[in-house]
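Undergrad: I'd like to ask some things about the structure below.
The values are calculated or read from the model by the stated rules, or taken from the named source; none is laboratory data. Everything quoted here is computed from the prediction, not taken from an experiment. Reconstructed Cβ throughout: ideal geometry from the backbone, glycine too, with neighbour counts over all protein chains shown.
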């Protein structure tokens, strides 16, 4: 099926390749399968992005510092037990550059119910959600969308969730799998993320999409 975003050869030489007023689950899925992801530009208008330099986290390159390794034992990691709470944490208006709108919440919640969007959660052993992340899982692609932690109880909680996510993806067979983190940041670089030119990312995406997804149901109470 032809992508609604057209051929990559015709895309703008810019991270932002288009905008639309339309936004629903099927369009979002078509975007990820095309190497594109949504992010609101202004109320009522969705931007569609495919960065010229795309950040990915190679599964074999994840860097776990000594302090993070010590933090892991303080949390229990669960999968898909509190998706709404993770979304709330990522959407907290006190965070800088918040972008999770009501439309984003609606569409990703629907995709979660369809088994395409998943949350990885770090819980304290007292039963408090300390942090986590969520993203889109299609075949061998996991597109990370956002992560958060609760100051005071979860300083490393989002990183612990990331370590668990990488473990999950690697257990499914890491050859050809793609952990997409969109744009490079110093924080992601410190964890091992690298940048790929758009064309290389799209080549790797085509391989990843042909792989089977991880077994999310088998890791419902993942611990480390």
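Undergrad: Restricting to the stretch 213-223, and then to whatever is surrounded by 15 or more Cβ atoms within 10 Å (Cβ to Cβ) and either on the phi > 0 side of the Ramachandran plot or outside any helix (DSSP H, G or I) (or both), can you tell me which residue is modelled with the lowest pLDDT?
TA: Initially, the stretch 213-223 is screened for residues surrounded by 15 or more Cβ atoms within 10 Å (Cβ to Cβ), giving 213-214, 216, 219, 222.
In the following step, the residues that additionally are either on the phi > 0 side of the Ramachandran plot or outside any helix (DSSP H, G or I) (or both) were identified as 213-214, 222.
Numbers: 213: 94, 214: 94, 222: 50.
Checked the stretch 213-223; the qualifying residue modelled with the lowest pLDDT is 222.
Undergrad: In the stretch 137-147, what residues are buried (at least 23 other Cβ atoms within 10 Å of the Cβ) and over 10 Å from the mean Cα position of the chain (by Cα)?
TA: Once the filter is applied, which keeps residues that are buried (at least 23 other Cβ atoms within 10 Å of the Cβ) and over 10 Å from the mean Cα position of the chain (by Cα), the stretch 137-147 yields only 140.
Undergrad: Looking only at residues in the stretch 54-75 that are part of a loop (DSSP other than H, G, I, E, B) and under 17 Å from the mean Cα position of the chain (by Cα), which one is farthest from residue 141 (Cα to Cα)? Quick ask: steps written out before the conclusion?
TA: Just the residues of the stretch 54-75 that are part of a loop (DSSP other than H, G, I, E, B), to begin with: 57-58, 62-65, 73-74.
Still in the running and under 17 Å from the mean Cα position of the chain (by Cα): 57-58, 62.
Working: 57: 12, 58: 12, 62: 17 Å.
Looking at residues that are part of a loop (DSSP other than H, G, I, E, B) and under 17 Å from the mean Cα position of the chain (by Cα), I get 62.
Undergrad: Can I ask one more? Across the stretch 109-120, which residue is surrounded by the fewest Cβ atoms within 10 Å (Cβ to Cβ) among those that are without any contact (Cβ under 8 Å) to a residue 40 or more places away in the chain and assigned to a helix (DSSP H, G or I)?
TA: 113
Undergrad: Going by what's in this entry, would residue 210 be described as assigned to a helix (DSSP H, G or I), surrounded by fewer than 21 Cβ atoms within 10 Å (Cβ to Cβ) and at pLDDT 95 or above? Give the steps one after another, and end with the answer.
TA: Numbers: assigned to a helix (DSSP H, G or I): no; surrounded by fewer than 21 Cβ atoms within 10 Å (Cβ to Cβ): yes; at pLDDT 95 or above: yes.
So residue 210 fails the test.
Undergrad: May I pose another question? Evaluate the stretch 126-135: report whether one residue or more is on the phi > 0 side of the Ramachandran plot and surrounded by fewer than 19 Cβ atoms within 10 Å (Cβ to Cβ).
TA: yes
Undergrad: Follow-up question, since we're still on this one. Do the conditions hold for residue 103, that is, is it out of contact with any helix residue (DSSP H, G or I) (no Cβ under 9 Å at 6 or more places or on another chain), part of a helix (DSSP H, G or I) and in contact (Cβ under 8 Å) with a residue 24 or more places away in the chain?
TA: Numbers: out of contact with any helix residue (DSSP H, G or I) (no Cβ under 9 Å at 6 or more places or on another chain): yes; part of a helix (DSSP H, G or I): yes; in contact (Cβ under 8 Å) with a residue 24 or more places away in the chain: yes.
Taking the combined requirement at face value, the residue satisfies it.
Undergrad: Suppose we filter the stretch 3-18 for residues that are surrounded by 13 or more Cβ atoms within 10 Å (Cβ to Cβ) and closer than 12 Å to residue 49 by Cβ; how many remain? Give the derivation first.
TA: Just the residues of the stretch 3-18 that are surrounded by 13 or more Cβ atoms within 10 Å (Cβ to Cβ), to begin with: 3-5, 8, 11, 15-18.
With closer than 12 Å to residue 49 by Cβ added as a condition, the list becomes 5, 11, 15-18.
Looking only at that region, the number is 6.
Undergrad: Going by the structure shown, is residue 79 crowded, with 18+ Cβ neighbours inside 10 Å and closer than 26 Å to residue 192 by Cα? Don't jump to the end; show me each part of the working.
TA: Details: crowded, with 18+ Cβ neighbours inside 10 Å: yes; closer than 26 Å to residue 192 by Cα: yes.
Yes.
Undergrad: Any idea how many residues of the stretch 7-32 are more than 20 Å from residue 113 (Cβ to Cβ) and outside any loop (DSSP other than H, G, I, E, B)? Give the derivation first.
TA: In the first step, residues of the stretch 7-32 are kept if they are more than 20 Å from residue 113 (Cβ to Cβ); the result is 7-22.
Those still in the list that are outside any loop (DSSP other than H, G, I, E, B) too: 8-10, 16-20.
Here the count works out to 8.
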